[in-house]
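To keep things clear, I will list the structure first and then write my remarks on it.
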């Protein structure tokens with residue numbers, strides 16, 4: 001429900017404190033002003049720049065140039081039969097003052113009998129403990145497709161977009177505020193003379209970078225450029241095909257290092273036409289109590305707003321490394337709980353892709369049914385997959401096909417890429433460059449064997465349909481408890 005639908009209900013119920021979480025305080029104030037005229041409410045605003053202003057008058061009251069005076073003037077708005085609102089944009093900055101907190105508590109108590117209401121507009125909820133139960137928190141939603149379409153039509157009245165081109169532009173603009181969308185559309189018009197998704201994605205990437213929570217991972221490569229992953233490619237392509245009424249949840253990819261999990265995720269976005277949002281758990285950590293959890297909730301909310309999208313979290317077991325200890329005061333455990341709740345309950349069209357090199361370090365509840373669509377094991381590439389990878393990196397580094405391929409039996413895709421890069425960098429043959437490569441299958445042979453043993457019968461195979469079985473090994477007869485996957 002929109003703000004204009006929910007706000008009248010709370011005011012009719014005589015709530016005296018409302019906190020509206022909004023990234024667009026000016027737009028929220030505009031909606032409140034229009035609603036006040038419609039409902040015949042008295043509306044006043046106060047901020048440090050303009051002081052106290054009442055709707056319908058343009059002269060500020062010089063006696064209300066500080067927050068304490070502004071709060072104490074609120075009862076003067078009360079009328080015997082009407083409702084009065086005092087809107088305070090960005091007022092959370094003043095809630096560190098004991099005097100302001102005490103005055104606000106007093107006005108909230110008076111408001112229940114005088115039918116006055118304090119409305120705070122802020123991008124985050126930062127309530128001191130004394131006020132935590134005195135305010136109801138409402139959300140001012142970002143513009144939906146219809147509102148974004150209206151903004152686009154206002155900027156292109158002579159030739160409004162229609163059809164698939166309009167859908168691509170509006171998909172690209174999802175998650176932007178109204179002013180950001182208007183700026184992105186204007187940038188596209190100034191650059192190309194028409195509305196195009198590329199300019200909108202460019203501005204969106206800059207916005208995400210400034211928030212330092214998510215990054216947009218562009219990719220021009222599709223599945224055709226990646227060797228292997230046959231079953232995983234087919235699964236994801238079908239799960240994310242357009243027109244599905246049932247939304248896909250996501251997958252977890254488990255493998256030794258260097259097997260192409262991250263490359264697959266970026267290619268998946270290009271293959272299905274969705275943005276890939278990378279979430280680095282290390283960036284979420286803050287020094288204040290509750291800051292890390294708030295950052296994660298904000299990042300997940302941004303991902304929901306940008307749907308349809310792909311949310312990529314690399315090396316989960318390292319980002320949540322404090323789960324098995326108390327060294328971080330339980331921050332990792334709380335982050336993990338927030339992520340688990342989102343995986344199970346989110347309704348947005350966001351496809352989660354997580355990767356792990358050692359899934360045994362993650363609690364079993366992470367992979368329970370209805371949080372993910374599947375857990376796939378990505379094994380070391382076989383001969384056919386390695387040949388595809390050699391072909392790709394030979395072309396990338398301009399290595400002639402006449403150069404013989406060195407022995408590569410236990411190599412990963414990353415090691416093949418490194419060999420080609422070193423050959424181009426040092427201007428030597430592939431055979432000479434291979435002398436500088438020590439495969440992870442040798443340096444971590446025991447851990448890879450152990451990981452394969454764990455994955456047998458517990459994970460789906462990324463290469464062949466069905467349950468993973470190590471190459472050259474008979475199917476396991478052991479019984480695996482259903483909750484293990």
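Does residue 107 satisfy the condition of being without any contact (Cβ under 8 Å) to a residue 24 or more places away in the chain and either within 30 Å of residue 147 (Cα to Cα) or in contact with a strand residue (DSSP E or B) (Cβ under 9 Å, 6 or more places away or on another chain) (or both)?
It is false that residue 107 is without any contact (Cβ under 8 Å) to a residue 24 or more places away in the chain and either within 30 Å of residue 147 (Cα to Cα) or in contact with a strand residue (DSSP E or B) (Cβ under 9 Å, 6 or more places away or on another chain) (or both).
Listed conditions (1) out of contact with any helix residue (DSSP H, G or I) (no Cβ under 6 Å at 6 or more places or on another chain); (2) closer than 26 Å to residue 2 by Cα; (3) in a loop (DSSP other than H, G, I, E, B) are all met by residue 111, apart from (3). Yes or no: residue 46 in contact (Cβ under 8 Å) with a residue 40 or more places away in the chain, touching a helix residue (DSSP H, G or I) at 6+ places or on another chain (Cβ under 7 Å) and buried (at least 20 other Cβ atoms within 10 Å of the Cβ)? Judged against the criteria, residue 46 is a match. In the stretch 421-433 there is no residue that is within 37 Å of the chain's Cα centre (by Cα), touching a residue at least 12 places away in the same chain (Cβ under 8 Å), within 30 Å of residue 366 (Cα to Cα) and crowded, with 16+ Cβ neighbours inside 10 Å.
Here's the yes/no breakdown for (1) assigned to a helix (DSSP H, G or I); (2) surrounded by 18 or more Cβ atoms within 10 Å (Cβ to Cβ):
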| residue | (1), (2) |
| --- | --- |
| 158 | no, no |
| 186 | yes, no |
| 215 | no, no |
| 237 | yes, no |
| 241 | no, no |
| 244 | no, no |
| 252 | no, yes |
| 258 | no, yes |
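Across the stretch 404-418, the qualifying residues are those that are assigned to a helix (DSSP H, G or I) and out of contact with any helix residue (DSSP H, G or I) (no Cβ under 6 Å at 6 or more places or on another chain), and the one among them that is farthest from residue 431 (Cα to Cα) is 414. Pick from the stretch 374-397 the residues that are closer than 24 Å to residue 452 by Cβ and part of a loop (DSSP other than H, G, I, E, B): which of them is nearest to the chain's Cα centre (by Cα)? Step by step, filter the stretch 374-397, then rank; the result is 378. Only one entry of 88, 71 meets the criterion of being outside any helix (DSSP H, G or I) and modelled with pLDDT of 90 or more, and that entry is 88. Of all residues in the stretch 358-373, exactly one satisfies the criterion of being surrounded by fewer than 16 Cβ atoms within 10 Å (Cβ to Cβ) and either assigned to a strand (DSSP E or B) or free of Cβ contacts under 8 Å to residues at least 24 places away in the same chain (or both), namely 369. State yes or no: is residue 176 surrounded by 13 or more Cβ atoms within 10 Å (Cβ to Cβ), at pLDDT 85 or above and either assigned to a helix (DSSP H, G or I) or out of contact with any helix residue (DSSP H, G or I) (no Cβ under 6 Å at 6 or more places or on another chain) (or both)? Yes. Checked against the criterion of being assigned to a helix (DSSP H, G or I) and closer than 25 Å to residue 313 by Cα, the candidates 434, 441 yield just one match: 441.
The numbered conditions (1) in a helix (DSSP H, G or I); (2) at pLDDT 90 or above; (3) exposed (fewer than 13 other Cβ atoms within 10 Å of the Cβ) are all true for residue 164 except (2). Each residue in the stretch 141-154 was checked for being closer than 21 Å to residue 23 by Cβ and either at pLDDT 90 or above or part of a helix (DSSP H, G or I) (or both), and 9 pass.
Residues checked against (1) under 33 Å from the mean Cα position of the chain (by Cα); (2) closer than 21 Å to residue 137 by Cβ; (3) surrounded by 13 or more Cβ atoms within 10 Å (Cβ to Cβ); (4) in contact (Cβ under 8 Å) with a residue 12 or more places away in the chain:
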position: 18; (1), (2), (3), (4): yes, yes, yes, yes
position: 41; (1), (2), (3), (4): no, yes, yes, yes
position: 73; (1), (2), (3), (4): no, no, yes, yes
position: 85; (1), (2), (3), (4): no, yes, yes, yes
position: 90; (1), (2), (3), (4): yes, yes, yes, yes
position: 95; (1), (2), (3), (4): yes, yes, yes, yes
position: 98; (1), (2), (3), (4): no, no, no, no
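Exactly one residue out of 355, 367 is more than 17 Å from residue 264 (Cα to Cα), under 28 Å from the mean Cα position of the chain (by Cα) and assigned by TED's automatic domain parsing to the domain that holds residue 232, and it is 367.
Taking the criterion of being surrounded by fewer than 14 Cβ atoms within 10 Å (Cβ to Cβ) and touching a residue at least 60 places away in the same chain (Cβ under 8 Å), the only residue of the stretch 124-136 that qualifies is 124. For the stretch 20-42, the tally of residues that are over 12 Å from residue 8 (Cα atoms) and in a loop (DSSP other than H, G, I, E, B) stands at 3. Report yes if some residue within the stretch 278-293 is part of a strand (DSSP E or B) and either closer than 30 Å to residue 444 by Cβ or touching a helix residue (DSSP H, G or I) at 6+ places or on another chain (Cβ under 6 Å) (or both); otherwise report no. Looking through the stretch 278-293, at least one residue is part of a strand (DSSP E or B) and either closer than 30 Å to residue 444 by Cβ or touching a helix residue (DSSP H, G or I) at 6+ places or on another chain (Cβ under 6 Å) (or both). Just one of the listed residues (410, 400, 406) is at pLDDT below 90 and under 25 Å from residue 224 (Cα atoms), and it is 410.
The values are calculated or read from the model by the stated rules, or taken from the named source; none is laboratory data. On a predicted model such as this, the values are computed, not experimentally measured, just so you know. Counting neighbours? That spans all protein chains shown, and the Cβs are built from the backbone with ideal geometry, glycine included.
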